[in-house]
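For reference, the structure is listed below as structure tokens.
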Amino acid sequence: MKYFIKDDLALSRTPEGPVASYIVPFAEWLGDRGYGLVSMRNQVLMAAGFSKWLGHKGIELSDISGGHPGRYLLDRAQRPKLGDTAALRHLLAFLRSQNAIAEEIEADHNPSPVEQHVLAYERYLRDARALARETIINYRPVVRDFLNYRFGDGEVLLAQLRADDVTKFVQQKVSRLNLRRAKITTTALRSFLSYARFRGDVKLDLAAAVPIVANWSLSSIPRAIGRDEVSQLLASIDRQTAIGCRDYAMILALARLGLRSSEVVTLELDDIDWATGQIRVRGKNGRNELPLPADVGEAIADYLQKARPRNASRRVFLRDKAPIRGFVGPSGLGSIIRRSLRRAGIDSPTKGTHQFRHGLASEMLRGGASLGEIGEVLGHRHVQTTAIYAKVDLDALRTLALPWPGEAQ
């Protein structure tokens, strides 16, 4: 006799074992997270098989641990399929959420001396400096590489650091990096050495010993996507589909508001004040309030009303694949941009999201906006950051050029 989980999902027999009573709630939990019927069926079958195996082994519900799924997959007669491990991981996560099994206790491990310092520095950046997660991710490997370079597997004695250690590491490291990564390396190293001095681990200002990466200030012009290309890209999106409706709103927010990709994906429902037409942005420099353009507001409202999955998340934009939730990081939006550009047949200056930010700044400059106004919209902390856009308006700059000596009158 079939055992019905829901109208369109059933097992061939009643579940057995210590997890049997949780099979139906587990299926509902999966459904709430946006898993499709096929995926739900596979995961429920895996849960039922795992529960039966637990029963045969005499393992009680309270004794289930993170090691049991691996043992079950090895004991099964059939070969593990793609997704089996994830299904059991989801089951254990559900059981923990129901307090049916204990939280997994991480195995004791003794981090190396280098790793201890990296973790302490990471906590400082997060708790004391409140730096963005992306910044910490960029800085962490640089510090780890530097400490491994100087101390290896031995004890880390920061008081023994000398300027020569710093300069040699940078010279060796940046020779293999592009300009952007090289600058991240030197910035991260200065940050760590300033932190070490702040803690009292080093007495000298070793941050001053970090070599400067050769780079003429304002030497490059930001690569911006053109207005016509933006229009072509937006027109190519099928807004009749749920994904297209979401992608259109996200890309329009990039183009019209000049937001960073991280600011778009972390946008929450409470950040939009529909009554006053304002939007609050969580940027690098804190929260910034901007007017909400009518077309952006309409695109977001269209997505919320017609296409956004029903979900408890407060994020405005959600993933289209299970588990349904907000984007983990800005890389998801970057993938959307690359896919959309390729589909529209646009050969843009770059494939990333910053080209929309540069495009808005360039259009504002040509429209007569001051650098201060542009910097305010883009959320720049220093005017020097915005100054590079002064070179974009080449026509205006040509009027400032002096005549060439000897030029015919």
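The values are calculated or read from the model by the stated rules, or taken from the named source; none is laboratory data. Quick caveat, the model's predicted, so the values are computed rather than measured. Reconstructed Cβ throughout: ideal geometry from the backbone, glycine too, with neighbour counts over all protein chains shown. Just the protein is used for accessible areas: all its heavy atoms, side chains included, with ligands, DNA and RNA removed. Shrake-Rupley method; radii C 1.70, N 1.55, O 1.52, S 1.80 Å.
With respect to the conditions (1) surrounded by 15 or more Cβ atoms within 10 Å (Cβ to Cβ); (2) more than 30 Å from G83 (Cα to Cα), E298 falls short on a single one, namely (1).
Name the residue, out of D8, D32, D84, D75, that is among the acidic types (D, E), at pLDDT below 90 and closer than 19 Å to R325 by Cα. Give the derivation first.
Numbers: D8 fails: closer than 19 Å to R325 by Cα; D84 fails: closer than 19 Å to R325 by Cα; D75 fails: closer than 19 Å to R325 by Cα.
Matching residue, one of D8, D32, D84, D75: D32.
For first residues located in the range 224-245 and open to solvent by 80 Å² or more (accessible area, probe 1.4 Å), partners that are among the hydrophobic types (A, V, I, L, M, F, W, C) and in a helix (DSSP H, G or I) and lie 6+ apart or on another chain with Cβ distances below 7 Å form the pairs Q232/A344; R239/C245. Among residues of the range 307-318 that are in contact (Cβ under 8 Å) with a residue 12 or more places away in the chain, those with a Cβ under 7 angstrom from a residue that is open to solvent by 40 Å² or more (accessible area, probe 1.4 Å) and not in a loop (DSSP other than H, G, I, E, B), sequence gap 6+ or separate chain, pair up as A307/A242; R314/E268; R314/L269; R314/D270; R315/E268; V316/E268; V316/L269.
Under the condition of being more than 31 Å from the chain's Cα centre (by Cα) and not in a helix (DSSP H, G or I), which residue from the range 15-51 is nearest to N311 (Cα to Cα)? Going through the qualifying residues, I end up with V19. Only a single criterion out of (1) at positive phi; (2) at pLDDT 90 or above is not satisfied by A130, namely (2). Looking across the range 323-361, the residues that are open to solvent by 20 Å² or more (accessible area, probe 1.4 Å), within 30 Å of G31 (Cβ to Cβ), modelled with pLDDT under 80 and in a loop (DSSP other than H, G, I, E, B) come down to V328, P330. Going by what's in this entry, would V38 be described as crowded, with 20+ Cβ neighbours inside 10 Å and of a type in the set (V, I, T)? Against the criterion (crowded, with 20+ Cβ neighbours inside 10 Å and of a type in the set (V, I, T)), V38 does not qualify. Residue pairs whose Cβ atoms lie under 9 Å apart, sitting 6 or more positions apart in sequence or on different chains, and linking a residue in the range 62-80 that is more than 18 Å from A102 (Cβ to Cβ) to a partner that is among the small types (G, A, S) and in a helix (DSSP H, G or I), are Y72/G49; R76/G49.
Taking the range 52-66, which residues are open to solvent by less than 20 Å² (accessible area, probe 1.4 Å) and more than 36 Å from the chain's Cα centre (by Cα)? Give the steps one after another, and end with the answer.
Looking only at the range 52-66, we keep the residues that are open to solvent by less than 20 Å² (accessible area, probe 1.4 Å), and these are 54, 64.
Matches in the range 52-66: L54 only.
When the range 246-291 is filtered for residues that are assigned to a loop (DSSP other than H, G, I, E, B), under 29 Å from L131 (Cα atoms), open to solvent by 30 Å² or more (accessible area, probe 1.4 Å) and free of Cβ contacts under 8 Å to residues at least 60 places away in the same chain, nothing remains.
In the range 127-179, of all residues being more than 22 Å from the chain's Cα centre (by Cα) and among the basic types (K, R), the one that is most open to solvent (accessible area, probe 1.4 Å) corresponds to R176. If you check V24, V44, V19 for being aliphatic (A, V, I, L, M) and open to solvent by 30 Å² or more (accessible area, probe 1.4 Å), only one passes: V24.
Out of the range 67-103, which residues are open to solvent by less than 70 Å² (accessible area, probe 1.4 Å), in a loop (DSSP other than H, G, I, E, B) and of a type in the set (A, V, I, L, M, F, W, C)?
Step one: of the range 67-103, the residues open to solvent by less than 70 Å² (accessible area, probe 1.4 Å) are 67-70, 72-73, 76, 83-84, 86-88, 90-97, 100-102.
The next check asks that each one be in a loop (DSSP other than H, G, I, E, B); those that pass are 67, 76, 83, 100-102.
Hits for the range 67-103 are A100, I101, A102.
Just one residue in the set R176, R180 is of a type in the set (D, E, K, R), without any contact (Cβ under 8 Å) to a residue 12 or more places away in the chain and outside any helix (DSSP H, G or I); that residue is R176.
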